Amino acid sequence: MGGDEKAVLYTYWRSSCSWRVRIALQYAGLEVEYRPVHLVRDGGEQLKTEYSGTNPMQQVPTFVMNGNRITQSMAIMEYINEIKPSANLLPKDPATRAKVRMICEIINSGIQPIQNLSVMKMYSQIQEVKMAWSKFWIDKGFQALEKELEKTAGSRCVGDEVSLADCCLVPQVYNANRFSVDMSKYPVISRINANLEKLAQFQAAHPSQQVDCPE
């Protein structure tokens, strides 16, 4: 990286948005300092003044490199892919690239935000109710995602090459399992996820491997 300063990722071990960025960073081979932001402790460190100045949305992840501060996981991942094209996480063909972005946004815009921690807390303070809410919306989103992947997938979400879509898929399947979604209804999603979990880059980015993962 020459004279470039070491990049920083503000992250939380179980945040699916942080997780997808960590996968992209593994493919880019960027040396990164991970700075945990605990989303639950003391009411949520992301809500404190110290972090709000870094990310006014009070969310993770936030990526900082060479004086550039970027929030929102899709913007971060696309930036990583552009500065490290060897990561090869977006196809060069425009139509195929659009399909990757389509799968990303089904997850990023259509599924994940509705079962986000802040949304669940606003909806209910009762754990069982929050669990049922998240399960419902993930299930609904996966019904659509399964149909799209039937058309686009090979061994990966789009064809046989790892892309940003795969970076988004694995964390969302983890969430589906957390909220007791019946994954037997989604054989394509399950098959792709099982393929991806075998890859070293995905294993290194897993929540269990993060510095802030509870023992």
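Quick notes on this structure:
- Ignoring aspartates and glutamates fewer than eight residues from residue 48 along the same chain, the ones with Cα atoms less than 20 angstrom from its Cα are 212.
- Percentage of interatomic Cα-Cα distances in the range 113-183 larger than 22 Å: 28
- The chain, dipole about Cα centre (Lys/Arg Cβ +1, Asp/Glu Cβ -1), debye to the nearest 20: 400
- A Förster radius of 35 Å combined with the Cβ-Cβ distance from residue 38 to residue 95 puts the calculated FRET efficiency at roughly 0.25.
- Projecting the Cα atoms of 136, 55, 209 onto the charge dipole of the chain (Cβ charges, centred on the Cα centre) puts 136 farthest toward the positive pole.
- Computed over the range 1-86, Cα set: Rg, Dmax in Å: 12.6, 40
- With every protein chain in place, the range 1-104: carbon and sulfur % of accessible area (1.4 Å): 48
- Residue-count net charge about residue 23 - beta-carbon cut-off 15 Å; Lys, Arg +1, Asp, Glu -1: +2
- Length released on extending from residue 82 to residue 215, taking residue separation times 0.36 nm less the Cα-Cα span: 44.3 nm
- Leading residue at positive end of dipole, the chain (Cβ point charges), from 190, 90, 13: 190
- Interchain or long-range residues, amide H under 5 Å from residue 11's placed H: 35, 37
- Packing, as the average of other Cβ atoms within 10 Å across residues, places the peptides 49-59, 73-83, 160-170 in the order 160-170, 73-83, 49-59, highest first.
- For the range 141-201, the Cβ-based charge dipole about the Cα centre amounts to some 120 debye (Lys, Arg positive; Asp, Glu negative; other atoms uncharged).
- Relative contact order (%) - criterion: Cα under 8 Å, at least six apart; region: the chain: 25
- Max-minus-min Cα coordinates of the range 55-142 on each principal axis give 45, 33, 15 Å, with the largest extent listed first.
- Protection proxy ranking of 10-20, 96-106 - average other beta-carbon atoms within 10 Å, highest first: 10-20, 96-106
- With all protein chains kept in place, the per residue accessible area of the range 16-62 amounts to 46 square angstrom at a probe of 1.4 angstrom.
- HN-Hα J in Hz across the range 156-164 - Karplus 6.51, -1.76, 1.60, θ = phi - 60°, x for Gly and Pro: 10, 4, 10, x, 10, 10, 5, 9, 4
- Computed over the range 35-98: relative contact order in percent, which uses C-alpha pairs under 8 Å that are six or more apart: 14
- Calculated [222 nm] ellipticity per residue, helices only, for the chain: -15500 deg cm²/dmol; basis is -39500 (n - 2.57) per DSSP H run with n ≥ 4, divided by all residues, nearest 500.
- Using distinct alpha-carbon pairs, which all enter the 1/r mean, Kirkwood radius of the range 88-215 in Å: 15.3
The values are calculated or read from the model by the stated rules, or taken from the named source; none is laboratory data. These numbers come from a predicted model, not from an experiment. Cβ atoms come from the backbone with ideal geometry, glycine included; neighbour counts cover every protein chain shown. Side chains included, ligands, DNA and RNA excluded: accessible areas come from the protein's heavy atoms. Shrake-Rupley method; radii C 1.70, N 1.55, O 1.52, S 1.80 Å.
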